[in-house]
2 protein chains.
Amino acid sequence: MPNFLNNKKTFLSKLDKSKKGDIDEKVIPLLKIINSKDNYYTTSSCSGRIYLWSGSGKKNECHWLKVSHELIDEKFFELKDTSGLVWLRLEDIILHICCKDLDSANKLLELSRRIYKKSCILSASNKVIVEIHGSEFIEMSLYKDGKLLFSGEIEWLVGLVNSRMKKIWERMEKYQKQFA
Amino acid sequence: MPNFLNNKKTFLSKLDKSKKGDIDEKVIPLLKIINSKDNYYTTSSCSGRIYLWSGSGKKNECHWLKVSHELIDEKFFELKDTSGLVWLRLEDIILHICCKDLDSANKLLELSRRIYKKSCILSASNKVIVEIHGSEFIEMSLYKDGKLLFSGEIEWLVGLVNSRMKKIWERMEKYQKQFA
């Protein structure tokens, strides 16, 4: 794969030109470390997020109502429109890392699985892409036709969601140290 | 990989000797089709499941209270002990398929992604293993210290969970047809 470093340069220079807000800040130190390695560069990333959505759940029928890459408070659950069905979802970190070759991919997988057991190879043909994926998630129906479906204390739910978010970040920090 | 067919025979003969209850029945026709192909054999499978669990969520601290590979009814949510925190989880199909070589794996990925976009390669070194993974999931807190945390109609929640289970099965049937 002689063009790997050229592809890396081209890809990362495009990334720099894109709007700053496109990458959530929490994941930037990790991206910098990975991109400093000759055999790897990141092609997409999300450090984890909490969001409210409505719709059928299919890709084109999913309306994002609110999203946070930070800890939330009770206000996060306040919506002007709670008609239909509104879901609360929490997603863990996801990273796509382009690797120089299959050997580099296997090394990255071995290192990554110490922290992220579900890491895998997305593509091994044209480009070699490894996906790093945490396994925290929440998916619960929150409002139906204007009615809140959760009968516990909202403060407790906020704490629950935030505790999972903190776990995601702690694991990301541990993962970052694997590259040191 | 000259030993592939031998490994396949050995693995599948062990499987036949194991208890029948070990594999949920819904997925058996699909396994048979995949195992009839020279370049593939399945090493583990779950057609999707609904379960109640308590504990911290870590692998060794997760107590399964009830599990169903079938549609559920309201009785599924009845528990003798609802102390602590009890979660409701729905997981989609997951299959691990050992492939003869990387080329077979890439072909399988291409076919599988028509239905399961998140399919990936788990291992590309010693054995080549493809993971097929659906993306339906539910993860919601259901009881806390004896109190039900869901304030909607239980009948509706049962329908919601079952509708996701049916989607999982429909997609599995579509996937099966890809091999025809």
Problem - Percentage of interatomic Cα-Cα distances in chain A larger than 28 Å - result: 34 percent
Practice task
Summarise the partner chain shielding of B:117-125 as one whole number: the mean count of Cβ atoms from other chains within 10 Å of each residue's Cβ.
Solution key: 6
Problem - For chain A, built as a Gaussian network whose Cα springs stay under 10 Å, the top-fluctuating residue of A:117, A:14, A:66 - result: A:14
Handout entry: Distance between region A:91-157 and region B:80-109 - C-alpha centres, whole angstrom
Key = 13 Å
Practice task
With runs of 4+ DSSP H residues as the only contributors, calculate the mean residue ellipticity of chain B at 222 nm using -39,500 (n - 2.57) per run, divided by the residue total and rounded to the nearest 500.
Solution key: -10500 deg cm²/dmol
Handout entry: Furthest towards positive pole of dipole, A:105, A:27, A:51, structure part region A:4-178, Cβ charges
Key = A:105
Completion exercise
Once the in-chain neighbours fewer than 8 apart are removed, the aspartates and glutamates whose Cα is under 20 Å from residue B:107 read A:101, A:131, B:38, B:131, B:173
Completion exercise
As straight-line cross-link partners of residue B:75, the qualifying aspartates and glutamates (C-alpha separation under 17 Å, not fewer than 8 residues apart within one chain) are B:153, B:155
Fill in the blank from the handout: From the cross-link list A:118/A:174; B:117/B:177; B:80/B:147; B:118/B:174; B:80/B:144; B:26/B:80, the entries with a Cα-Cα span beyond 18 Å are B:26/B:80
Exercise for the section: Sort shortest first the distances from residue A:178 to its counterpart in every other copy, using label points 7 Å along the Cα-to-beta-carbon line, and give them in nm. Expected result: 2.7
Completion exercise
Per residue of A:128-141, other chain Cβ atoms within 10 Å number on average 3
Handout entry: Max mean-square fluctuation residue, GNM over chain A, Cα-Cα springs under 10 Å, options A:68, A:151, A:54
Key = A:151
Practice task
Quick one: which residues, 5+ away or cross-chain, put their amide H under 5 Å from the amide H of residue A:65? H built at 1.01 Å from N.
Solution key: A:52, A:53, A:54
Practice task
Return an integer: the convex hull volume of the alpha-carbon atoms of the protein assembly as shown, in Å³ per residue.
Solution key: 153 Å³
Practice task
Among A:96, A:63, rank each residue by its count of other Cβ atoms within 10 Å, from fewest to most, as a rough exposure measure.
Solution key: A:63, A:96
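Rule-based calculations on the coordinates, nothing more; no lab input. A quick note: this is a predicted structure, and the numbers were derived from the prediction, not measured. Positions of Cβ are backbone-derived with ideal geometry, glycine not excepted, and every protein chain shown enters the neighbour counts.
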